[in-house]
Amino acid sequence: MSIFVTRSSMPSYEDYIKEIKSIFENHHLTNMGPVYKKLQHSLMEYLDVPQLSMFVNGHMALEIVIQAMGLRDSGGEVITTPFTFVSTTHAITRNGLKPVFCDIKPDDYTIDPEKIEALITDKTVAIVPVHVYGSICDVEAIEAIAKKRNLKVIYDAAHAFGVKYKDRGIGCYGDAAMFSFHATKVFNTIEGGAVTFSDESLRKSLHSLKNFGIKTEEYVDEIGGNAKMDEFRAAMGVCNLKNIDNCIAARGAAVHRYNERLSSVKGIQLMTVQPDVTPNYAYYAVLFEPSKFGETRDDVYERLKTNDIFARKYFYPAINEMDCYKNSNNEETPIAAEISRKVLTLPMYADLTIEEVDRICDVILTHKNS
Ligand SMILES: *Cc1c(COP(=O)(O)O)cnc(C)c1O
């Protein structure tokens, strides 16, 4: 049986049918209907955030919150990480802003706050860091820099659903945070996403920008798009949210087994456990040090594939090595470059069994045992 890198969590068929029954009765299919509102309130509670606006996907949520902050087409620069999914950088660029890549920390792969200040110019308008793999950025150091230099901070929290730091929802940090509810994420609404924020004035703007900039029937004052979450996706979210704690616990059990099997192996670096963080076990990323492990990341990737196990080189290449960004006159980011060449994201999802984790680890360690 093949093992893929991820497998979407789903409710039972009966559960979902029960949840969409009301939609067939009221014909309210989209435009922030009752199921949208139900999910919105449950999510605000679960994520422990004061405000939350839902979107058709995480990418549009990020694109629109950047616009809602008044940064679109300002010609400004945005400091961000090259070690992310390309959506982060595209959201910046598609707003007419210039991404400036800052290197990451070698231990948790998040943006290195000590390298941010050197990249700030009089054109810098914001910092867009990523809580990569669900590991959180140094939110305190980033906030201090942003305050001092008067910059907005928008977190890409696509990986960080349900993560808490010092007992606060991770969406409470920064001016706003974007969560992705894509099928492959810890929590899904098939496709979907949200922005969390505290500034009351952002609420109206987000609401209108995801609906063509329409304020009232006869009044349109902003150039918005269409990025609303519909009722059927919201219903999927309502069902999946009921089971989220079990899903995260099951991921945790798989992570625990991976750690047992891999933590003492020479040449393998595992993710760090961050202090004061309640984790969500979103991804299981492993770094292979060829000189010590005896094989490269690509060797391991290929051997897994031959054994019907599909890991992912996530994230490779680094964003500033991609064709559409490599000419963008960026600072060098050697740590991100190195990690992107050594990292492999192993299968991780709620249904992954301990036996499957063992099978994966057996294949990874084959050459060590032979
Ligand atoms: C998934 C993801 C996104 C985009 O979210 P979608 O819901 O797929 O649009 C953005 N950033 C990161 C880091 C992601 O992993």
- Message: Show me, for region 343-357, the HN-Hα J-couplings you get by feeding each phi into the Karplus relation (A = 6.51, B = -1.76, C = 1.60, θ = phi - 60°), rounded to Hz, glycine and proline as x.
- Response: 8, 9, 9, 7, x, 7, 6, 4, 7, 5, 8, 5, 4, 5, 4
- Note on the structure: Mean Cβ-within-10 Å packing, highest first, puts peptides 182-193, 51-62 in the order 51-62, 182-193
- Message: Given points 7 Å out from each Cα along the Cα-Cβ axis, report the Ser291 to Ser22 separation in nanometres with one decimal.
- Response: 6.1
- Give the percent of DSSP beta bridges with both residues in the chain that are antiparallel, rounded to the nearest 5. 60
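For Lys123 and Ala183, what does the FRET efficiency come to when R0 = 35 Å and r is the distance between their Cβ atoms, rounded to the nearest 0.05?
The pair Lys123/Ala183 has a calculated efficiency of 0.40.
Report the FRET efficiency, 1/(1 + (r/R0)^6), for Arg203 and Glu260, where r is their Cβ-Cβ distance and R0 is 45 Å, rounded to 0.05. Please list the in-between numbers first.
Numbers: r = 46 Å, r/R0 = 1.01.
Efficiency computed from Cβ-Cβ geometry: 0.50.
When ligands, DNA and RNA are left out and all protein chains stay put, how many square angstrom of accessible area per residue does the chain have with a 1.4 Å probe?
Numbers: 16580 Å² over 370 residues.
Ligands and nucleic acids excluded, the figure is 45 Å² per residue.
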- Pop out the carbon and sulfur fraction of the accessible area of the chain as a percent, whole number, probe 1.4 Å. 51
- Between Asp308 and Lys148, how many nm apart are label points set 7 Å from Cα along the C-beta direction? 5.6
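Determine, from the Cβ-Cβ distance of Asp298 and Tyr219 and an R0 of 51 Å, the FRET efficiency 1/(1 + (r/R0)^6), rounded to the nearest 0.05. Write down the numbers at each step before the final one.
Values: r = 56 Å, r/R0 = 1.10.
Efficiency for this residue pair is about 0.35.
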- Query: Using all Cα-Cα distances in region 35-92, what percent lands in each 5 angstrom bin from 0 up to the longest?
  - Reply: 4, 15, 20, 20, 17, 14, 7, 2
- What is the distance in Å between the Cα centres of region 46-123 and region 263-327? 23
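Run lengths n ≥ 4 of DSSP H only: what is the helix-derived mean residue ellipticity at 222 nm for the chain, with -39500 (n - 2.57) per run over all residues, to the nearest 500?
Details: 13 runs with 137 residues, N = 370.
Computed mean residue ellipticity for the chain: -11000 deg cm²/dmol.
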- Item | Nitroxide proxy distance, nm - points 7 Å out along Cα→Cβ at Glu45 and Glu14 | 2.4
- If ligands, DNA and RNA are left out, what is the accessible area of Lys210 with a 1.4 Å probe, given in Å² to the nearest 10? 0
- Note on the structure: Note on region 1-145, DSSP bridge orientation, antiparallel percent to nearest 5 equals 10
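The values are calculated or read from the model by the stated rules, or taken from the named source; none is laboratory data. Bear in mind the structure is a predicted one, so any value in this text is a computation, not a measurement. Please note: Cβ atoms are built from the backbone with ideal geometry, for glycine as well, and neighbour counts cover all protein chains shown. Accessible surface areas use protein heavy atoms only, side chains included; no ligands, DNA or RNA. Shrake-Rupley method; radii C 1.70, N 1.55, O 1.52, S 1.80 Å.
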